[in-house]
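Asks: Quick one: structure below, then a few questions.
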Amino acid sequence: MVKKPKIQKKAKKIKVAAKKQKAKAAPSKPRVFQTLRGMKDILPGEYKYWHFVKNKAENFANNYGYEFIETPILEETALFNRAVGGETDIVSKEMFSFTDRGGENICLRPEATASIARAYIQHGMLNLPQPVKFFYFGQMFRHERPQAGRLRAFHQFGFETLGDGNAVIDAEIIFLVYNLLQDLGLKTSVQVNSIGCPKCRESYKNKLVNYYRDQRSSLCEECKKRLVKNPLRILDCKEAGCEPLKEGAPQIVDYLCDDCKNHFVRVLEYLDDAAVPYNLNPYLVRGLDYYTKTVFEFFSEENQATGQKAEALGGGGRYDNLVEVLGGRPTPACGVALGPERLITKIKENNVDVPPLIVPDIFLAQLGEQARKKSFALIEDLRRAGFYITHGLTKEGLKKQLEIANKLGARYALILGQKEVIDGTIIIRDMEGGSQEIIDFVKIVQEMKKKITNGIAK
RNA sequence: GUGGCUAUAGUUUAACGGUAGAACAGUGGGUUGUGGUCCCACUGGCCUGGGUUCAACUCCCAGUAGCCACCCCA
């Protein structure tokens, strides 16, 4: 390395000093904050999509008899350890968990089913008529590397049925979600599998381990570990060495016990009867420990067609042992979760026609102080009469106000100026055609009722 | 968590080792009582920190964030 001449060094020093002084002289602006990684604001422009999805989901919940429930976002970390499983990815590497001021080990919930099972037990809901059916919608948190459609703070909504082990329940949930997705304008397909109960799964695991042990050398490193820890997951692996092997692997459906097999067959029969198209996927293994018997995932259809690797729009299954694992009485249950962010992405991609949020029926424009005062009272009258109304009370000039009315998409503008105040009249302007009529001020509410209930609006 | 790509007005973007132009949006005006078209003007920007250089928005490094792949799932 060449040493710099002294003069240059000196110049440098002066420059740095100058910079420092500049920094002092001009007090730096406060820094601008931004959302944490993987978290985002839902802005008004985006909101109609959220309203669309949430609204439809809530309607389905009502129609299918699911009651609304909200559980806290913070829970004891141990809850998920126990329910979801300490070895699962979600718990072992994706939880926002920390020790709070009281020394308690708590976390932001990574999913909702565990909380719902907890609530069911805590509030003695086994004493309610069974099954108990819940609908939830809320934020979940997973500390993952974010990208489109995978966030650290994201939403899930879902349907859970506790207290009934009948296969109809599984089918109904799949059917419900299938219909909901269609109603949202999304063509989807369902993949279904059964992973049996702990008993038959155990015997299947042995078969699977035997099969793979013979080919151990072709397995990837990860799968060699899985062979011991969680052999079912090997079926999920996409490594070049592992993937082809699953062709010859024993399939769990062939090893289900009578009870599990019957259950699965019945689920499929119900789906057939309801004409829900589904694909049997013997390799579908869900990543949460609490699942038993039926498991399923929903994908958008074009992803299947193009073979593009798809994120699931939703998934779920039966979890007959969860309540017991969490200290409750043995209680069969089944549920599903969906991701509104992903649904919205698809809705946009498919150009689904999403209705705008409330558009004002009426915009009231005013000119002059007297008119403004009179308008203030009139707006309230119109609101009470049930109209969606906005106004330009803070504005001067008609042009400006009509411009706003136009941008908002208001159907009618009411114009109240000095002239009208003196005459005791008001102008109704049809914003689409531009035609205007002058009405007696006292008759305006009645007149608007005529116009707007006459099928033009709402 | 590992690897790759990216970062310029509110948004989408252009150019350049000598500090930046556009379109759309916003504001004001043309029209002080009439919107959606048109015309004019204005506002507003190089993610942060370091380094190389006489000079960095530009090159290098780090941080941060976004996107992509893996992992996994919503």
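Asks: Which FRET efficiency value, to the nearest 0.05, do you get for A:Lys395 and A:Lys443 by plugging their Cβ-Cβ distance into 1/(1 + (r/R0)^6) with R0 = 41 Å?
Replies: Values: r = 26 Å, r/R0 = 0.63.
With a Förster radius of 41 Å, E is 0.95.
Asks: So, in nm, how far is label A:Asn59 from label A:Glu301 when the simple model puts each one 7 Å beyond its Cα toward the Cβ?
Replies: It is 2.0 nm.
Asks: Shifting gears a bit: Suppose each label sits 7 Å from its Cα in the direction of the beta carbon; what would the A:Glu403-A:Glu70 distance come out to in nanometres?
Replies: Distance between the two pseudo-spin positions: 4.0 nm.
Asks: Calculate the dipole size of chain A relative to its Cα centre from +1 charges on Lys and Arg beta carbons and -1 charges on Asp and Glu beta carbons; express the result in debye to the nearest 20.
Replies: Values: 70 positive and 56 negative charges, 880 e Å.
Rounded to the nearest 20 debye, it is 4220 debye.
Asks: Something else now. In percent, what relative contact order does the stretch A:362-452 have, based on Cα pairs under 8 Å that are 6 or more apart in sequence?
Replies: Relative CO of the stretch A:362-452 lands at 29 percent.
Asks: In sequence order, what are the phi-derived ³J(HN,Hα) couplings for the stretch A:290-298 according to the Karplus relation 6.51 cos²θ - 1.76 cosθ + 1.60 with θ = phi - 60°, rounded to whole Hz, with x for glycine and proline?
Replies: 6, 6, 9, 6, 5, 10, 7, 9, 10
Asks: Give me Rg/Rg_expected for the stretch A:36-180, where Rg uses Cα atoms only and Rg_expected = 2.2 N^0.38 Å with N residues. List each step's numbers first, then the result.
Replies: Working: Rg = 16.5 Å, N = 145, 2.2 N^0.38 = 14.6 Å.
Compared with the compact-globule rule of thumb, the stretch A:36-180 sits at 1.13.
Asks: Which whole-number percentage describes the relative contact order of chain A, with Cα contacts under 8 Å and a sequence gap of 6 or more?
Replies: That works out to 14 percent.
Asks: Could you work out how far the C-alpha centroid of the stretch A:137-182 sits from that of the stretch A:340-368, in angstrom?
Replies: If we compute the Cα centre of each part, the gap is 25 Å.
Asks: Is it possible to state the helix-based mean residue ellipticity at 222 nm for chain A, with each DSSP H run of 4+ residues giving -39500 (n - 2.57), the sum divided by total residues, to the nearest 500 deg cm²/dmol? What is it?
Replies: Rounded to the nearest 500, it is -12000 deg cm²/dmol.
Asks: Let me ask something additional. Taking R0 as 25 Å, what's the FRET efficiency between A:Phe98 and A:Val325 from their Cβ-Cβ distance, rounded to 0.05?
Replies: 0.55
Asks: Then there is this: Could you tell me how many degrees, from 0 to 90 and to the nearest 10, lie between the Cα long axis of helix A:113-122 and the main elongation axis, the longest principal axis, of the Cα atoms of chain A?
Replies: Long axis of A:113-122 versus the principal axis of chain A: about 90 degrees.
Asks: Between A:Gln130 and A:Phe376, how many nm apart are label points set 7 Å from Cα along the C-beta direction?
Replies: Spacing of the two 7 Å Cα→Cβ label points: 6.3 nm.
Asks: For chain A, rounded, prolate or oblate, judged on the Cα gyration tensor with a ≥ b ≥ c (square roots of eigenvalues), a/c < 1.5 rounded, else prolate if a/b > b/c?
Replies: oblate
Asks: To the nearest Å, what is the center-to-center distance of the stretch A:401-431 and the stretch A:30-61, using C-alpha atoms only?
Replies: The distance from the Cα centre of the stretch A:401-431 to that of the stretch A:30-61 comes to 34 Å.
Asks: In terms of the Cα gyration tensor, with a ≥ b ≥ c the square roots of its eigenvalues, is the stretch A:370-415 rounded because a/c is under 1.5, prolate because a/b exceeds b/c, or oblate?
Replies: Cα axes put the stretch A:370-415 in the oblate bin.
Asks: Using unit Cβ charges (K, R positive; D, E negative) and no other charged atoms, how large, in debye to the nearest 20, is the dipole of the stretch A:146-271 about its Cα centre?
Replies: The dipole of the stretch A:146-271 has a size of about 680 debye.
Asks: Still on this model: Which is farthest toward the positive dipole end of chain A among A:Pro110, A:Ala249, A:Leu151, measuring Cα position about the Cα centre, with Cβ charges +1 (Lys, Arg) and -1 (Asp, Glu)?
Replies: Of the options given, the answer is A:Leu151.
Asks: In degrees, nearest 10, range 0 to 90: what is the angle between the Cα axis of helix A:44-63 and the longest Cα principal axis of chain A?
Replies: 60
Asks: Against the longest principal axis of chain A, how steep is helix A:340-349, in degrees 0 to 90 to the nearest 10, with axes from Cα atoms?
Replies: 70
Asks: While we're looking at this one, here's another question. Lysine pairs in the stretch A:362-452 8 or more apart or on different chains: how many have alpha carbons under 20 angstrom apart?
Replies: For the stretch A:362-452, the number of qualifying lysine pairs is 18.
Asks: Still on this model: What are the residues whose amide H is under 5 Å from the amide H of A:His391, where those residues sit 5 or more places off or on another chain and H is modelled from the backbone?
Replies: The list, which skips near neighbours in sequence, is A:Leu364.
Asks: Follow-up. How far, in nm, would the chain grow between A:Glu247 and A:Asp272 when pulled straight, counting 0.36 nm per residue and subtracting the alpha carbon separation? Mind dumping the intermediate values first?
Replies: On the way: separation 25, 0.36 × 25 = 9.00 nm, distance 2.61 nm.
Stretched fully, the A:Glu247-A:Asp272 segment lengthens by 6.4 nm.
Asks: Which percentage, to the nearest 5, of the DSSP beta bridges contained in chain A is antiparallel?
Replies: 80
Asks: With the cut-off at 1.5 for a/c, could you classify the stretch A:362-452 from its C-alpha gyration tensor as rounded, prolate or oblate? Please report the intermediate quantities before stating the final value.
Replies: On the way: a/c = 1.25, a/b = 1.02, b/c = 1.23.
Cα axes put the stretch A:362-452 in the rounded bin.
None of the figures in this text is laboratory data; all of them are computed from the coordinates on show. Please read all numbers here as calculations on a predicted model, not as lab measurements. For neighbour counting, all protein chains shown are included, and Cβ atoms are generated from backbone atoms with ideal geometry for every residue, glycine included.
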